[in-house]
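Scroll down for the structure; my scribbles are underneath it.
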Amino acid sequence: MSAHKIGSLLFCPQCGTLLDTPKGDDPSVECEQCRHIEPASSYENIEIVTRSHPDAFPSALSQKRKTQTKVHQGKVLPKVTEKCPACGYMEAYYEEKQMRSADEGSTILYTCVSCKHGWRVNN
């Protein structure tokens, strides 16, 4: 009876435990659970394919766009005269939040009325 293969993984045919890969020139691998001996030749011609989810390694630009773009839906925010660092427009929505500990100042979150760029200032 030989090991069960699922993708690039080999499982013990006796107890189903995941088998280690052979070390160096070892002719076999011993199952840690039931002591079944699996020949190292079972590991030959195994094709290993790995895939990463597209969101696993987001680009810096994608992260910046994701964290600084806001859509104001259902909530009316007050406007102030504040220069946008991205486009220079002189009007922004603002919201004050207590994001740090209670004995520290609040944080002002700004969003440009024109380009929707977001930035913050700690009080």
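Per this entry, A60 is counted among residues that are open to solvent by less than 100 Å² (accessible area, probe 1.4 Å) and at pLDDT below 90. Taking every residue in the stretch 92-120 that is farther than 15 Å from P78 by Cβ and in a strand (DSSP E or B) and pairing it with any residue that is open to solvent by less than 70 Å² (accessible area, probe 1.4 Å) and among the hydroxyl-bearing types (S, T, Y), at least 6 positions away or on another chain, the pairs with Cβ-Cβ distances below 6 Å are G118/T111; W119/Y110; R120/T107. Every test in (1) modelled with pLDDT under 75; (2) assigned by the TED database to the domain that holds P27 is passed by E38 save one, and that test is (1). When residues in the stretch 80-118 are screened for being small (G, A, S) and on the phi > 0 side of the Ramachandran plot, 1 of them pass. Residues in the stretch 14-31 that are buried (at least 16 other Cβ atoms within 10 Å of the Cβ) and over 31 Å from the mean Cα position of the chain (by Cα): P22, V29, C31.
The values are calculated or read from the model by the stated rules, or taken from the named source; none is laboratory data. These numbers come from a predicted model, not from an experiment. Glycine also receives a Cβ, built like all others from the backbone with ideal geometry; neighbour counts cover every protein chain displayed. Heads up: the accessible areas ignore ligands, DNA and RNA and are worked out on the full protein's heavy atoms, side chains in. Shrake-Rupley method; radii C 1.70, N 1.55, O 1.52, S 1.80 Å.
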